[in-house]
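A.B. asks: Here you go, one structure.
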Amino acid sequence: LSVTLNPADRRNISTDLWGIFFEDINYAADGGIMSELVQNGAFEYRREDSINWRSYTSWNKSIPDGSVAAFSLSTTDPLAQENPHYAVIEVEHGSASLTNLGFDGMAFRRGKDYAFSIWTRNASPGAMPMSLNVELLGDGGIVIAATSLSIANRQWTQLHATLTAGADASQGRLRLVFAGEGTAHIDFVSLEPTETFRGLQHFRPDLVKALADLKPAFVRFPGGCIVHGKGYENMYHWNRTVGPVEHRPHQFNSWGYHQSFRLGYYEYFRLCETIGAKPLPIVAAAVSCQFSDQGPVPVPQSEMQDYIDEVLDLIEFANGPTDSHWGRIRAEMGHPEPFGLTMLGLGNEDAINDVFERRFRQLYQAVTAAHPEITIVGTVGPAPSGHDFDEGWRFMRELHVPIVDEHAYQSPSWWFQNLDHYDHVDRKGPKVYFGEYSANVWNAHPLVGALGEAAFMANMERNGDAVAMSSYAPLFCNINHAQWKPDLIYFDNKTVRLPYSYWVQHMFSTTTCDEAYPVNVAGNTTVRRDLSDRIRLNFRTNRADVDITDITFCNDETGDTIPLCDVHLRGSDVATALDTVAERYTLRMHASWKHVAWGFSLQFGDFGDFKDSNEINFGR
Ligand code: AHR
């Protein structure tokens, strides 16, 4: 076999090819990459977040025997109008305590420091100070650190303390004990480890390290679906997420929980800077998510200019001089230097229709006129519907948008079967940002999914002149709050788990190439299929009370049928069939449950593609 490189037809590979995409899904932000240990420290949880959530969710109230006290909630004269609820603790006699449960408990490490802060107001009729004991509770409820503060000021005042954990804990708690006759108002309770990754405050060092290790060229944020949100108010308005955290209005997260915006645009930019990645913020294209109950809610034309200004202000916040309005706010937050924004995404998976097109065009023209230095990334429609992107591409081509965002979540075999997906991209049109992708591995081994991704990525790299950027999705998953699988990085409140797909991304992004050469291969290039020319199929039932019998396995090419007559599956029994490799197979089964029988057949290809048989439920 002789292999010859062809230097004449060399292609440049984009230096931004491998990036990451952060969205607050699966508790990626609060309870995830943010190091805040207190859940609902602002008492702003509400029914819109999750049906059973209220202002005291994640707090346990306790009044010891012999004490007389009461807890309530108020919004009168709050510290922050944007987040008006605060807790009221009245102690008539003795003491009362509030214990925060954290996000599935709090992880403490012996000898490490934890920064505590709280806003308080003394509302006692007699103006007597109240004492506040702050305690870290370890596993089993033992006190592993404590300090004492005084609530004396009749104006809102922030109190601070540092506590050193005396023991390790994974199910820790924060207990606040109020004593002394009187009334205390409290709000914005916070507890964070002081340890950081490269000085990046408010972030969990282990999770940031997992991102930094990928050496991503860019970070796309903050979504995803939460960018366009459920209706106008729920859209991600970047300018409501900067400045003092107390004044960032909380919102429900369309993935079914709460956003405190402790992770706001300033923090996103700081994250990018810390891990050496370019920022790629995405703003809604003035239309909310088409999949929400309200349907797609467009910004009315009468308010479009305000919305356009909001988008232009983001560029000023990132890059503007410190004497500009938003540049000054950035400087006041601690970053007088510009963040060096070069790209901006407009829209996410929006339905391509007249309403969208009109607004996208307005935004695109306004941003490119005011900021020709910013590269706009457009969107070509909802995933997963790879074959439906034509309308999006047509519109983006018409406008000469330089890069467009395409998404795909597909079965492991899809990736192998579509290796040429980007071979035919029109090199004169927009470049591709493959902004969300992963192999669905619900019914396949995650290694198979990761191999499919790797095979496809190698072909993205080969087409690296047309595919400018890409990012796997979703990025993070708190294993106790999974809404979407698979994900790239799994964690709980103590540990980080990196699946095969992470290492595939790591392999590509840490060994980047900048040129691709066509290769001429001469000689006998027949590649034999391995697996000893045989394929192995495993069958497993998911219910102990279902019998599966009479399995036949048919090679569709030869017509050969192999009855697995001895097979009788129950519970988690596994049967294995071996056959010579074919492109298509049919599997016929007979199942019974409580003497009721079904027969059915499934067709699937090699690579274990069980896509059409994911959800086979027996019984009623
Ligand atoms: O990555 C999860 C979701 O998938 C994103 O929010 C959305 O853009 C896509 O449909």
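The values are calculated or read from the model by the stated rules, or taken from the named source; none is laboratory data. Computed from a predicted model, the values in this text were never measured in an experiment. Note that we place each Cβ from the backbone using ideal geometry, even for glycine, and neighbour counts take in every protein chain shown.
A.B. asks: Every residue in region 1-56 that is at negative phi and within 16 Å of the ligand (Cβ to nearest atom), please.
C.D. replies: Within region 1-56, Gly19, Ile20, Phe21, Phe22, Glu23, Asp24, Ile25, Ala28, Ala29, Gly32, Ile33 meet the criteria.
A.B. asks: Follow-up. For region 42-70, what are the residues that are free of Cβ contacts under 8 Å to residues at least 40 places away in the same chain and farther than 30 Å from Asn234 by Cβ?
C.D. replies: Correct list: Lys61, Ser62, Ile63, Pro64, Asp65, Gly66, Ser67, Val68, Ala70.
A.B. asks: Can you tell me how many residues within region 37-76 are among the acidic types (Asp, Glu) and touching a strand residue (DSSP E or B) at 6+ places or on another chain (Cβ under 6 Å)? Steps first, answer last, please.
C.D. replies: Looking only at region 37-76, we keep the residues that are among the acidic types (Asp, Glu), and these are 44, 48-49, 65.
Now drop any that are not touching a strand residue (DSSP E or B) at 6+ places or on another chain (Cβ under 6 Å), which leaves 48-49.
Going through region 37-76 one residue at a time, the tally reaches 2.
A.B. asks: Here's something else I'd like to know. Considering each residue of region 379-401, count those that are in a loop (DSSP other than H, G, I, E, B) and surrounded by fewer than 17 Cβ atoms within 10 Å (Cβ to Cβ), and give that number.
C.D. replies: 3
A.B. asks: Same structure, new question: Going by the conditions given, is Gly276 in contact with a helix residue (DSSP H, G or I) (Cβ under 8 Å, 6 or more places away or on another chain) and on the phi > 0 side of the Ramachandran plot?
C.D. replies: yes
A.B. asks: Any residue at all in region 278-290 that's over 25 Å from Gly327 (Cα atoms) and basic (Lys, Arg)?
C.D. replies: Step one: of region 278-290, the residues over 25 Å from Gly327 (Cα atoms) are 287-290.
Right, trim to basic (Lys, Arg) and you get none.
The answer is no, given that none of the residues of region 278-290 is over 25 Å from Gly327 (Cα atoms) and basic (Lys, Arg).
A.B. asks: For region 361-386, which positions are away from the ligand (no atom under 16 Å from the Cβ) and under 30 Å from Trp414 (Cβ atoms)? Please lay out each step first, then the result.
C.D. replies: At the first step, the residues of region 361-386 found to be away from the ligand (no atom under 16 Å from the Cβ) are 361-376.
Matches in region 361-386: Thr375, Ile376.
A.B. asks: Sort out which residues of region 225-255 are modelled with pLDDT of 95 or more and small (Gly, Ala, Ser), and write them in order of number.
C.D. replies: The answer is Gly243, and nothing else.
A.B. asks: When the residues of region 238-262 are filtered to those that are touching a Ser or Thr at 6+ places or on another chain (Cβ under 8 Å) and away from the ligand (no atom under 16 Å from the Cβ), which remaining residue is nearest to Trp53 (Cα to Cα)?
C.D. replies: Among residues in region 238-262 that are touching a Ser or Thr at 6+ places or on another chain (Cβ under 8 Å) and away from the ligand (no atom under 16 Å from the Cβ), the one nearest to Trp53 (Cα to Cα) is His258.
A.B. asks: Further question: Can you tell which of Ser124, Ser190 is of a type in the set (S, T, N, Q), in contact with a Phe, Trp or Tyr (Cβ under 8 Å, 6 or more places away or on another chain) and buried (at least 18 other Cβ atoms within 10 Å of the Cβ)? Quick ask: steps written out before the conclusion?
C.D. replies: Details: Ser124 fails: in contact with a Phe, Trp or Tyr (Cβ under 8 Å, 6 or more places away or on another chain).
The unique qualifying residue is Ser190.
A.B. asks: Just checking: which of the strands (runs of 3 or more DSSP E) contained wholly in region 467-510 hold 2 or more residues that are more than 16 Å from the ligand (Cβ to nearest atom)?
C.D. replies: In region 467-510, the matching strands (runs of 3 or more DSSP E) lie at 467-470.
A.B. asks: So which pairs qualify, if the first residue must be in region 465-476 and of a type in the set (Ser, Thr, Tyr), the second must be within 14 Å of the ligand (Cβ to nearest atom), the Cβ gap must be under 6 Å, and the two must be at least 6 apart or on different chains?
C.D. replies: Ser470/Phe434; Ser471/Ile20; Ser471/Phe21; Ser471/Arg220; Ser471/Gly435; Tyr472/Ser438; Tyr472/Leu488
A.B. asks: Name the one entry in Asp293, Asp350 that is in a loop (DSSP other than H, G, I, E, B) and either within 16 Å of the ligand (Cβ to nearest atom) or in the same structural domain as Glu48 (by TED's automatic domain parsing) (or both).
C.D. replies: On the way: Asp293 fails: either within 16 Å of the ligand (Cβ to nearest atom) or in the same structural domain as Glu48 (by TED's automatic domain parsing) (or both).
Just one listed residue meets the conditions, Asp350.
A.B. asks: Name the single residue that is farthest from the chain's Cα centre (by Cα) among those in region 11-38 being among the polar types (S, T, N, Q) and buried (at least 22 other Cβ atoms within 10 Å of the Cβ).
C.D. replies: Ser14
A.B. asks: Being more than 23 Å from Asp16 (Cα to Cα), in contact (Cβ under 8 Å) with a residue 24 or more places away in the chain, aromatic (Phe, Trp, Tyr) and not in a helix (DSSP H, G or I), is that true of even one residue in region 432-450?
C.D. replies: The answer is yes, given that some residue of region 432-450 is more than 23 Å from Asp16 (Cα to Cα), in contact (Cβ under 8 Å) with a residue 24 or more places away in the chain, aromatic (Phe, Trp, Tyr) and not in a helix (DSSP H, G or I).
A.B. asks: Next question. Please determine, by comparing only the residues of region 226-237 that are in contact (Cβ under 8 Å) with a residue 60 or more places away in the chain and crowded, with 21+ Cβ neighbours inside 10 Å, which one is farthest from the ligand (Cβ to nearest atom).
C.D. replies: Out of the qualifying residues, it is Lys230.
A.B. asks: Another question, if that's okay. Quick check on region 304-354: of everything there that is among the acidic types (Asp, Glu) and under 14 Å from His237 (Cα atoms), which residue is surrounded by the fewest Cβ atoms within 10 Å (Cβ to Cβ)? Break it down stepwise before answering.
C.D. replies: Keep residues of region 304-354 that are among the acidic types (Asp, Glu), which gives 306, 309-310, 313, 316, 323, 332, 337, 349-350, 354.
The next check asks that each one be under 14 Å from His237 (Cα atoms); those that pass are 306, 309-310, 313.
Working: Asp306: 9, Asp309: 13, Glu310: 18, Asp313: 17.
Filtering region 304-354 for residues that are among the acidic types (Asp, Glu) and under 14 Å from His237 (Cα atoms), the one surrounded by the fewest Cβ atoms within 10 Å (Cβ to Cβ) comes out as Asp306.
A.B. asks: State which residue is nearest to Val245 (Cα to Cα) when the search covers only region 46-102 and only residues that are acidic (Asp, Glu) and in a loop (DSSP other than H, G, I, E, B). Walk me through how you get there before you give the answer.
C.D. replies: Looking only at region 46-102, we keep the residues that are acidic (Asp, Glu), and these are 48-49, 65, 77, 82, 90, 92.
So of that shortlist, the ones also in a loop (DSSP other than H, G, I, E, B) come out as 48-49, 65, 77, 82.
Numbers: Glu48: 21, Asp49: 19, Asp65: 37, Asp77: 18, Glu82: 10 Å.
Across region 46-102, the extreme among qualifying residues is Glu82.
A.B. asks: When you go through Phe197, Phe103, Phe108 one by one, which is the residue that is in contact (Cβ under 8 Å) with a residue 12 or more places away in the chain, under 30 Å from Tyr502 (Cβ atoms), hydrophobic (A, V, I, L, M, F, W, C) and surrounded by fewer than 21 Cβ atoms within 10 Å (Cβ to Cβ)?
C.D. replies: Numbers: Phe103 fails: surrounded by fewer than 21 Cβ atoms within 10 Å (Cβ to Cβ); Phe108 fails: surrounded by fewer than 21 Cβ atoms within 10 Å (Cβ to Cβ).
Just one listed residue meets the conditions, Phe197.
A.B. asks: Being assigned by TED's automatic domain parsing to the domain that holds Ile118 and touching a Gly at 6+ places or on another chain (Cβ under 7 Å) narrows it down to one of Val189, Val242, Val219, so name that one.
C.D. replies: None of the others qualify; the one that does is Val189.
A.B. asks: Return the residue satisfying two criteria in turn: it lies in region 415-446 and is within 16 Å of the ligand (Cβ to nearest atom) and at pLDDT below 90, and of such residues it is nearest to the chain's Cα centre (by Cα).
C.D. replies: Step by step, filter region 415-446, then rank; the result is Asn440.
A.B. asks: Additional query: Just to verify a result, which residue in region 132-152, among those that are loosely packed, with under 15 Cβ neighbours inside 10 Å and of a type in the set (A, V, I, L, M, F, W, C), is farthest from Phe116 (Cα to Cα)?
C.D. replies: Result: Ile142.
A.B. asks: Any residue in region 153-162 that is among the β-branched types (Val, Ile, Thr) and loosely packed, with under 14 Cβ neighbours inside 10 Å?
C.D. replies: Checked against the condition, which is being among the β-branched types (Val, Ile, Thr) and loosely packed, with under 14 Cβ neighbours inside 10 Å, region 153-162 yields at least one hit.
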